Amino acid sequence: METVILAVVIAVVVLGALGGLVVGSRRKKSLPPPPPAAPDITAPPAEPHVGDEAETPRDEPRRTIEEVDLPDGSASVAVEEPPAVEAPEIEIPEPTAGRLVRLRARLSRSQTALGKGLLTLLSREHLDDETWEEIEDTLLTADVGVQPTTELVDRLRERVKVLGTRTPEELRGLLRDELLKLVGTDVDREVKTEPADRKPGIVMVVGVNGTGKTTTTGKLARVLVADGRTVVLGAADTFRAAAADQLQTWGERVGAHTVRGPEAGDPASVAFDAVKEGKEMGVDVVLIDTAGRLHTKTGLMDELGKVKRVVEKHAPLDEVLLVLDATTGQNGLVQARVFAEVVDITGIVLTKLDGTAKGGIVIAVQRELGVPVKLIGLGEGADDLAPFEPEAFVDALIGD
């Protein structure tokens, strides 16, 4: 019994010792640091408000208005003026009298295929059928046309047969006479710009793109100015970009006023205004440049007819000039037929009649339309448009 009591006492003591050790170890562990105290925050200096000085104002001497020196107005103030726009210099065009004769050297470049070729063939000792066929081929190659070629060969054969012995001078005179008959010397080739009962004369220029129509209109203005006429230009080609600018540049060179409208605007309206302003200004001639119509576009050809009708509300047209490219040959005749159906063509202007152009187109186009060639263009120069003179033209073709 005493043993049991002793064991219980020992167990109680052991348990008490163990509990003391546990409590002591927990006390020895460090506690987490306490949270830091809130720092002292110093407020930033206040920003200045509207009307406040950013810094402490300093005492500075101040002057009254009586003490301030003011300008007395005697000193001149330089004001820079915008640069003046210089007006384009007015050119004096070359006189038209005898202009074709002066340009003969350029026109004579076409003589190889026609004039010299014919003279060479006609100078043969025996003119047999084969030679006459070569003569026909030469004429056809030069764009004379089938019917005019047949007529010319028949007359040449008859006259050569009667003439017998032929000297170079006789052959040249013979050929000159026959070519002049085909070209025509009794046709009125004057460009009608001076109607007897009114002013101004009205000229409309038509043609397809690429024939030099706008350039020809500008050159025609120079021809008229050279002859002492005053001119207004109507830029009714509103469909081609920069056509109006191009025409205006031509006009400014000779002092001619240009009437134009908005791009892609109504060409009939521009033509109407050009004639109206021409009347008000009292000029001698109004030149109307129309759009380069494609002859396959019916609607565009109808528009050209509209321009003609609108212009004639002022007065009848005195001239309708068709511009053709001499290098296009028979294609130019196709264009001529279609234009003649829309407007009454009164005259032909043949451009690019130098270099590779064939002089026979003059004969063919006149025969096709029944209207005369009135002007020819012989180069790119401003004064290379000349009134057509049959004698000078034929002399240039066959040479001296």
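The values are calculated or read from the model by the stated rules, or taken from the named source; none is laboratory data. Please read these numbers as outputs of a predicted model, since none were measured by experiment. Positions of Cβ are generated from backbone atoms using ideal geometry, with glycine treated the same way; all protein chains shown enter the neighbour counts. Side chains are part of the model used for accessible areas, which takes the heavy atoms of the whole protein and leaves out ligands, DNA and RNA. Shrake-Rupley method; radii C 1.70, N 1.55, O 1.52, S 1.80 Å.
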- request: Provide a single number: the residues in the range 260-286 that are more than 21 Å from K192 (Cβ to Cβ) and either in contact with a Phe, Trp or Tyr (Cβ under 7 Å, 6 or more places away or on another chain) or not in a helix (DSSP H, G or I) (or both).
  value: 7
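Consider the range 142-183. How many of its residues are of a type in the set (S, T, Y) and modelled with pLDDT of 90 or more?
Result for the range 142-183: 2.
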statement: Counting only residues in the range 170-215 that are of a type in the set (A, V, I, L, M, F, W, C) and assigned to a helix (DSSP H, G or I), the one surrounded by the fewest Cβ atoms within 10 Å (Cβ to Cβ) is identified as L180
- line: Filtering the range 141-169 down to residues that are part of a helix (DSSP H, G or I), surrounded by 17 or more Cβ atoms within 10 Å (Cβ to Cβ) and in contact (Cβ under 8 Å) with a residue 40 or more places away in the chain yields P148
statement: Among strands (runs of 3 or more DSSP E) entirely within the range 303-400, at least 1 residues that are over 19 Å from G98 (Cβ atoms) occur in 319-325, 347-351
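So, V208, is that one β-branched (V, I, T), within 22 Å of I348 (Cα to Cα) and in contact with a helix residue (DSSP H, G or I) (Cβ under 9 Å, 6 or more places away or on another chain) or not?
Considered against the rule, which asks whether it is β-branched (V, I, T), within 22 Å of I348 (Cα to Cα) and in contact with a helix residue (DSSP H, G or I) (Cβ under 9 Å, 6 or more places away or on another chain), V208 comes out as yes.
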Residues that are under 19 Å from G305 (Cβ atoms) and in contact (Cβ under 8 Å) with a residue 60 or more places away in the chain, drawn from the range 322-338: L322, V323, Q335
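Mind checking which residues of the range 216-230 are assigned to a loop (DSSP other than H, G, I, E, B) and of a type in the set (S, T, Y)? Walk me through how you get there before you give the answer.
Our first condition is that a residue be assigned to a loop (DSSP other than H, G, I, E, B); within the range 216-230, this holds for 227-230.
Once the filter is applied, which keeps residues that are assigned to a loop (DSSP other than H, G, I, E, B) and of a type in the set (S, T, Y), the range 216-230 yields only T230.
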task: For the range 247-280, name all the residues that are among the polar types (S, T, N, Q) and either within 15 Å of V311 (Cα to Cα) or open to solvent by less than 60 Å² (accessible area, probe 1.4 Å) (or both).
output: Q248, T258, S269
- request: Go over the candidates V342, V334, V285 one by one and state the one that is at pLDDT 80 or above and either crowded, with 18+ Cβ neighbours inside 10 Å or touching a Pro at 6+ places or on another chain (Cβ under 6 Å) (or both).
  value: V285
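Does A244 satisfy the criteria of being of a type in the set (G, A, S), open to solvent by 10 Å² or more (accessible area, probe 1.4 Å), at pLDDT 90 or above and farther than 21 Å from R99 by Cα?
So A244 passes the test.
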- line: Output for Cβ contacts, cut-off 7 Å, separation at least six or different chains, first residue aromatic (F, W, Y) in the range 239-255, second buried (at least 18 other Cβ atoms within 10 Å of the Cβ), reads F239/A291; W250/G218; W250/A221
- line: P168: passes all of (1) in contact with a Ser or Thr (Cβ under 8 Å, 6 or more places away or on another chain); (2) within 30 Å of V283 (Cα to Cα); (3) not small (G, A, S) but (2)
statement: Matching residues in the range 103-136 (at pLDDT 90 or above and open to solvent by less than 90 Å² (accessible area, probe 1.4 Å)) number 5
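Among the residues of the range 354-380, what is the count of those that are on the phi < 0 side of the Ramachandran plot and open to solvent by 30 Å² or more (accessible area, probe 1.4 Å)?
If we filter the range 354-380 for residues that are on the phi < 0 side of the Ramachandran plot, which is where we start, we get 354, 356-369, 371-378, 380.
If we keep only those that are open to solvent by 30 Å² or more (accessible area, probe 1.4 Å) too, we end up with 354, 356, 358, 367-369, 380.
Count: 7.
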query: L233 fails exactly one of the following numbered conditions: (1) under 24 Å from T131 (Cβ atoms); (2) of a type outside the set (G, A, S); (3) assigned to a strand (DSSP E or B). What is the number of that condition?
result: (1)
